[in-house]
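Structure record follows, encoded as structure tokens.
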Amino acid sequence: SGRGERPWLFYRPGIDYLTGPPFLDPVQLKKRATAGSEWAAPTEPDPRTTILHLHRQLSQRGITLIVMPTPIKAMIHQEKLSRRYDQQSAALQNPSYDRFKKEMELEGIFVFDAAPVIMEMKRRDGKTQYLATDTHWRPESMESAAEQLKDFIDRHVRLPRLPRAGYRAERSEVSHLGDLAVMLNLPSEQRVFPSETVTIRKISGVEGEPWQAQHTSDVLVLGDSFSNIYSLGAMGWGEGAGFIEQLSYVMQRPLDRITRNDNSSFATREFLAGEMARGRDRLVGKRLVIYQFAIRELAVGNWKRIDLKSGTPLQVN
């Protein structure tokens with residue numbers, strides 16, 4: 001982690017995404033592609049070829065893909081790193097991002113960019129949008145991103161109308177110390193980085209039961225820790241109030257989900273492929289796949305191509 005204005009902490013790979021070279025620079029792509037060793041396969045560094053490969057596989061089954069490179073804290077709260085950004089009105093970006101987005105859209109791939117939405121909230125409300133000592137966004141910015149993604153889907157994807165799911169929302173407070181502060185392994189009695197308190201919006205069903213993903217939904221979300229924060233109790237920020245729950249609530253529609261905290265450049269696609277190879281085709285009946293990953297993965301992730309092939313279910317004797 002890296003340190004900004006006290007008590008703000010930043011995840012170093014996120015800062016590297018902003019301060020490093022353009023991630024689509026041919027020299028950088030070649031350098032990363034040959035960085036393997038005798039124990040590890042070389043990285044596949046170019047996100048374009050892999051996302052296009054995914055898009056084509058989904059298109060063959062009539063499934064639309066929306067890519068959601070999720071903004072990181074240093075993009076939004078650059079003023080916590082340097083006073084030169086005190087009047088900055090736009091999110092910081094890696095120089096290759098605009099090119100990446102344009103090339104994806106030219107291939108017919110929808111890209112939902114949440115950074116302008118969150119920057120506008122920051123400008124309008126004057127409040128912080130990310131947790132000071134954690135990698136992730138605050139509940140308010142996450143909920144706003146879910147609402148804007150719902151509008152984006154309405155504009156670009158034709159989904160069949162369904163009866164409203166009847167999901168409910170209930171607010172509650174959660175206090176926790178951020179993951180970046182925990183990584184520092186400070187003494188338990190430390191007072192340098194205090195716990196933070198947020199108000200989460202927990203989503204439940206018609207009868208008050210906890211929200212659950214539904215494999216029969218026609219929408220599948222592939223997500224990382226930005227989806228799991230406020231959803232997985234083990235992360236310390238509450239349960240049932242994460243990004244996918246919020247999207248399901250504002251859409252009033254059941255959603256299917258596959259989430260992995262780390263390695264979002266390939267982990268969720270790899271899990272999906274494994275499910276399909278075992279004969280559990282999670283793409284049956286799907287009309288939309290939303291691929292959410294931390295935007296830093298565009299520069300540091302392993303974008304290995306993964307084939308989504310249906311196998312035969314295992315027979316149990």
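The values are calculated or read from the model by the stated rules, or taken from the named source; none is laboratory data. Just so it is clear, the structure is predicted and the values come from calculations on it, not from any experiment. Counting neighbours? That spans all protein chains shown, and the Cβs are built from the backbone with ideal geometry, glycine included. To get the accessible areas, we keep the full protein, side chains included, count just its heavy atoms, and leave off ligands, DNA and RNA. Shrake-Rupley method; radii C 1.70, N 1.55, O 1.52, S 1.80 Å.
Quick one: pull the percent of accessible area on region 18-165 belonging to carbon and sulfur, 1.4 Å probe, ligands and nucleic acids left out.
49
Got the relative contact order for the chain handy, in percent, Cα pairs under 8 Å and 6 or more residues apart?
Relative contact order of the chain: 21 percent.
Modelled label-to-label distance, V284 and D307, 7 Å Cα→beta-carbon offset: nm?
In this crude spin-label approximation the distance works out to 2.2 nm.
With a 1.4 Å probe and all protein chains left in place, how much accessible area per residue does the chain have, in Å²?
49
7 Å from Cα along Cα→Cβ at both L162 and T197: what's the point-to-point distance in nm?
The modelled label-to-label distance comes out at 3.7 nm.
Over region 145-241, what is the mean sequence separation of C-alpha contacts under 8 Å (at least six apart), divided by residue count, expressed as relative contact order in percent?
27
For the charge dipole of the chain, defined by +1 on Lys and Arg C-beta atoms and -1 on Asp and Glu C-beta atoms about the Cα centroid, which residue among L54, M276, I290 has the Cα displaced farthest towards the positive pole?
L54
Express in nm, to one decimal, how much length is gained between S89 and E209 on full extension, taking 0.36 nm for each residue of separation and deducting their alpha carbon distance.
My answer for the length gained is 39.0 nm.
Using modelled backbone amide H atoms (1.01 Å from N, in-plane), which distant-in-sequence or interchain residues come within less than 5 Å of T70's amide H?
Answer set, sorted by chain and number: F293, A294, I295.
Using unit Cβ charges (K, R positive; D, E negative) and no other charged atoms, how large, in debye to the nearest 20, is the dipole of the chain about its Cα centre?
It comes to approximately 540 debye.
Which FRET efficiency, nearest 0.05, do Q190 and D25 yield, Cβ-Cβ r, R0 45 Å?
With R0 = 45 Å, the Cβ-Cβ based efficiency is 0.65.
At R61 and S175, where each label point lies 7 Å from the Cα along Cα→Cβ, what is the point-to-point distance in nanometres?
Spacing of the two 7 Å Cα→Cβ label points: 4.6 nm.
Take the alpha-carbon centre of region 40-116, take the same for region 149-175, and report the distance between them in whole Å.
Between the Cα centres of region 40-116 and region 149-175 lies a distance of 23 Å.
What does the extension gain come out to for A33 and D262, with contour length at 0.36 nm per residue minus their alpha carbon separation?
80.4 nm
Springs between alpha-carbon pairs under 10 angstrom, Gaussian network model over the chain: which of K202, K127, K73 fluctuates most?
Of K202, K127, K73, the most mobile in the Gaussian network model is K127.
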